[in-house]
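Asks: Have a look at this one.
What follows is calculated from the coordinates using simple rules that are stated; it is not laboratory data. Small disclaimer: the values here were computed from a predicted structure and weren't measured. For neighbour counting, all protein chains shown are included, and Cβ atoms are generated from backbone atoms with ideal geometry for every residue, glycine included.
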Amino acid sequence: MTTAVAHPEPHAASGHAQRGISNPILGMLLFITSEVMFFAGLFAAYFATRAANTPWPPAVFAHILDPLGPIIFATILLIASSFTCQFAVWSIRRGDRRGYLRNIGITFVLGVVFLAMQVYDYGLLFSEGMTMGSGPFGTTYFTLTGFHGAHVFGGVLMLGVILYRGMAGQFSAKHHDAVEAVSLYWHFVDVVWILLFTILYLI
Amino acid sequence: MSTSPRKRPASEALVAGGVVFLLIAIVGLVFWSGAGQALYPPKAATTQAVEISRLYDIVFAIAVAIFIAVEGLIVWTILRYRRRPADVDLPPQTHGNNLVEALWTLIPTVIVLYLFAISAGTLTTVEAVSPNPDVRIHAVAGQFQWKFEYLDASGTVLATQTRPIGEGGGMAVPVGRTVYVTLDSPDVIHAWYVPRFLFKRDVVPGQTNHFEFVVNEDEAGQRFSGQCAELCGTGHRAMLFDVVAMTQADYDAWLAVLIEAGNATPPPAPSGAPVLNLVAKDIAYDTTTLDAPAGVPFVIAFKNEDVPGVPHDVDIRQQDGTTVVQDQETIDGDAETNYTYDALEAGTYTFICSIHPIPAMTGTLTVQ
Amino acid sequence: MATHALSPAAAGYRGGVYEWLTTTDHKKIGIMYLVNSFFFFLIGGIFALLVRTELATPGIQLFENEHVYNEAFSIHATVMIFLFIIPILAGLGNYAVPLMIGAPDMAFPRINALSFWMLPLGGILLLAGFLTEGGAAAAGWTSYPPLSERGALSSPGPGQDLWIVSLVLIGTSSILGGINFLVTIFKMRAPGMTLFRMPIMVWTILVTSVLVVMATPVITSALVMLFIDRNYGGSFFLPDEGGTAVLYQNVFWFYSHPAVYVMVLPAMGVISEVLPVFSRKPLFGYKAFIFATAGIGALGFSVWAHHMFTTGAVFLPFFALMTFFIAVPTGVKMFNWVFTMFRGQLTFSTPLVFAIGFLTMFLIGGINGAFSASVPVDFALHDTYWVVAHLHYVLFGGSVFGVFAGIYYWFPKMTGRMLDEGLGHIHFWIMFVGFNLTFFPMHMLGIKGMPRRIADYDQFAGWNDWNLLATIGGFLIAVSMLPFIWNVFVSLRNGKVAGDDPWEGNTLEWATSSPPPPYNFDRLPEIRSERPLFDARHGPTAHGGHGGPDQEEAPKLLEEDGHDDQGPTA
């Protein structure tokens, strides 16, 4: 008894708590943590490789890193999609299913367009003879953007699923953990791109 | 303990204490008798190694003290506090004690800080490099052989020792002089390790490592075995080398001979002897079949087109691939030589690179 | 769900093979983890015996060439680390954690099943390397490039690729498992089970899971880069093409050092459960223990380069200092364990005997590690058999003894039957002697200069006797498994019936039936301390002992010990 008396609020954060964030969202946050560490490993490799190779980028490929080229549009699209994704979350929290579907639909389309632009960009690079095998620059460039692209692809799939489930009417103001989780993931993918854009194109 | 509701017989504590004392005595006996020598490093051969050995002694003394104290406590506890049939009531439910927790956090912290401090001190000594070393050696470790280039102060190669071990082989150094070694690898990571130097350093491709040592004066005439300590493939355990300590005079003579040998042109092919051509590239010969006439000496004009640091040779063995018939010296990458072989009886033999039997750098020599 | 929980003897729970293959029950998955891990323990053990047999005497006897030898020790280490120790501890956690916190199951039961099934798949992929041209991976379990790259003398065959894929798979399994543990621990605790009332086992799994979630993805990135180098023309680790060889080591050890704690913390958790129960005392310094565990976890991320002291590419003093510091929380734990037994009433059941084995051997593993923390001494010891001795004293003397303590401790809960005590003691003593015979001589070999990973050695180097001794010890360890296996098979059918709580346990798993019903509990005892069952058995006043005048025995003490940090964390 003494213990219980000593702690008037021991149950506050315990129990099969329905309070606080839900299991799927916590799970997603932890998953994102692990993804952050994965990209941290790649980024560390990028900086180490870059430090060991001068000039960076090699002169032949310098022109592809024009931040004001098509890549800026892809970047703007992806950032915009993060906003529409968040609008979708706010919509469903209010119970606004139409608004949710509209916003998540836009997000989905923006994601697809981003991927298409990346594929197009890769095509251009290949045509200029830049591949994974083009020395450290090609290797790091394609590895970083490639893994980001793969994550965007995964995110688009998830968006597709919650779009479909939304159309099937499975989400409501109370029950939409999947939407919250996917939006977290989408924001993460977006943030990774902003970092990537910064380190690859700006600095 | 007097507060405990059940008094344990004092004899139990005596027995437990006795056993602990016995264990300590055994540990003491092991070291006093010299059997503990097995846990000491070999005799240090360089001034750096002497420092490391001294550090080891301190760490070792602390380690043994901690080992005896804690294991003794464990043994004493398990002997002293076994549950007896009379133990029905619970023992005192001690949940902890902040004072002792603080103590056994603080004391180990002090010990490790001390260990760190003396380690850092020794590290500075071991890592120190003099501005004008007496001898400069560039050691190159390739899969799977060492070579040692002797450099002058400007970094120009004076002579190259391609025989890492054996009679006339090894990395010769004068005693009592600073020897500055740089390390490079053309392929994978190796490590330069001499147990009696208590020292190793990785040989990393794309990164030139370096270190310095001075062999103790009383070691002149000694041969220290060394070997690669970082897994480098199938020939890893065969990457042996010697460091040969010499007096300055012997060393000077030795180096002069090596320089002389380096300047000598490769032996001309004996006129009239048949000459076979063989090229090695990418750890493979350019052919797997050679034909030679029986009963007369012959020559293989051998060219190693691999990068410097990757040695090859052409030995002749019986068909089993292991029984040596005729042995040749290895040559370094980007070099060529004429190997002269004695007359062979007609038959089928194996020619093989002794450095790279795996993957099969080998072929069939037909003598008829 | 509720109805199930109310009918623990639900028919079909002891279902057939199909039931096991499709189960999402954490207990069955936990048991499958254990069985799978022991299978790979057997395989890894066979490779170890092959290696020891080759090294028993100088010369090349057993293997046709060094390449096969390199495969043998590479696969031995990979299997033992990634398919035995890490999974078996995850398995014990899988079984115990939901029970210990009073949860019906893990937070994500299906992901739990997925985590498990990735392991045998990964194992099969790894071993499939032996069927490929060039054989299995042979670049050591660390697989440093450029040796693990595609050079003719390095690792040209697909075995190395299979190794990479297998490790990525196993790593993903670990990450998913870690996330599952964390969500379970944070969200599924029974009412009253505050963080600072959780069993230490749960705490160690918590810290382990944080390490897994944060460190394992980093090795995945290293493996992915290596794969790209090998198969898509990448040049991350190829110096000839502008890459950096040592980069891999940095990324690899950033994972693999924390991984050492992944391999040992849960074993520490096990013995932190076993020691109090068989001493009839609470764990000494419960909170200190938790902080020490967290401290080890945090410091674990700042010591990776102590594996790289000889590369000439790391800042030595920093990593040396951090490495020394990590000895402090480990020492705190050691003293807490010993003082848990101190003035207790010890019953030498098999779990306690193995736990004491852990204490005595892990101590050596800690002490001989301090030698390598001292950088100049490490220049002598690195990559010699000393390191092999050190890591086995930590991972075998520590983790494996801890694992067996856990197996003997929870076997009654898992099966409802007791393991035989006599056979258990025989198992312990043969293993204990065999273990020390195998690994103690490696100290001597290492300090006298025998490098790791060599198939042969100079017969005049003075290493023959120690090597022979180590080989004999290795076979003794193998022999010690026989009474264990016999014990398990016999006890499953004819063992003494365990009952709910054969050991007078402290934690919640002993409050339910043995084996527990699906969803674990019909009802839970009140949880007012880290020993709810002890409280139920003796009443809360028992915390104070029986009115002894000693200050430490006053009921106040738990509060003093438990108060300070309760607020914000709870």
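Asks: Tell me, what is the FRET efficiency for B:SER11 and B:VAL88 to the nearest 0.05, using R0 = 25 angstrom and their Cβ-Cβ distance as r?
Replies: 0.70
Asks: Related question: Quick one: if the Förster radius is 22 Å, what FRET efficiency do B:ASP291 and B:THR322 give, using the C-beta to C-beta distance and rounding to 0.05?
Replies: Approximately 0.45, to the nearest 0.05.
Asks: Follow-up. For every other residue with a beta carbon closer than 13 angstrom to the beta carbon of A:ALA88, add +1 if it is Lys or Arg and -1 if Asp or Glu, then tell me the sum.
Replies: Every neighbour counted, the sum reads +4.
Asks: What distance in nm separates the two pseudo spin-label positions at A:ILE72 and C:ASN464, each 7 Å out from Cα along the beta-carbon direction?
Replies: Between A:ILE72 and C:ASN464, the simple spin-label model gives 7.8 nm.
Asks: Excluding residues fewer than 8 places away in the same chain, name every one of the lysines whose C-alpha is closer than 19 Å to that of B:LYS43.
Replies: Hits, sequence-local ones excluded: B:LYS200, C:LYS448.
Asks: Something else about it: Pull up the cross-link candidates among the lysines for B:LYS303, meaning alpha carbon to alpha carbon under 17 Å and not fewer than 8 places away within one chain.
Replies: B:LYS281
Asks: Most exposed first by the Cβ proxy, i.e. fewest other Cβ within 10 Å, how do C:ASP420, A:ASP121, B:ASP152 rank?
Replies: Ranked by crowding around the Cβ, least crowded first: B:ASP152, A:ASP121, C:ASP420.
Asks: Order by neighbour count: C:ARG197, C:ARG537, fewest other Cβ atoms within 10 Å first, most last.
Replies: Ascending number of Cβ neighbours within 10 Å: C:ARG537, C:ARG197.
Asks: Classify region B:171-302 as rounded, prolate or oblate, taking a ≥ b ≥ c as the square roots of the eigenvalues of its Cα gyration tensor: rounded when a/c is under 1.5, otherwise prolate if a/b is larger than b/c and oblate if not.
Replies: oblate
Asks: Would you calculate the separation in nanometres between label points at B:SER154 and B:LYS43, each defined as 7 Å from the Cα along the Cα-to-beta-carbon direction?
Replies: Here the answer is 4.2 nm between the modelled labels.
Asks: Would you list which lysines come within 23 Å of C:LYS287, measuring only between C-alpha atoms, while excluding same-chain residues fewer than 8 positions from it?
Replies: C:LYS187, C:LYS333, C:LYS556
Asks: For region C:201-274 and region C:27-65, compute the distance between their C-alpha centroids and round to whole Å.
Replies: Each part's Cα centre sits 23 Å from the other's.
Asks: In addition: Where a ≥ b ≥ c are the square roots of the eigenvalues of the C-alpha gyration tensor, would you call the protein assembly as shown rounded, which needs a/c under 1.5, or, failing that, prolate if a/b is larger than b/c, or oblate?
Replies: Oblate, because a/c is 1.5 or more while a/b does not exceed b/c.
Asks: Would you please give the FRET efficiency between B:GLN248 and B:THR208, computed as 1/(1 + (r/R0)^6) with r the Cβ-Cβ distance and R0 = 30 Å, to the nearest 0.05?
Replies: The pair B:GLN248/B:THR208 has a calculated efficiency of 0.65.
Asks: Quick check on the exposure proxy: order B:ILE107, B:ILE355 from fewest to most C-beta atoms within 10 angstrom.
Replies: Lowest count first: B:ILE107, B:ILE355.
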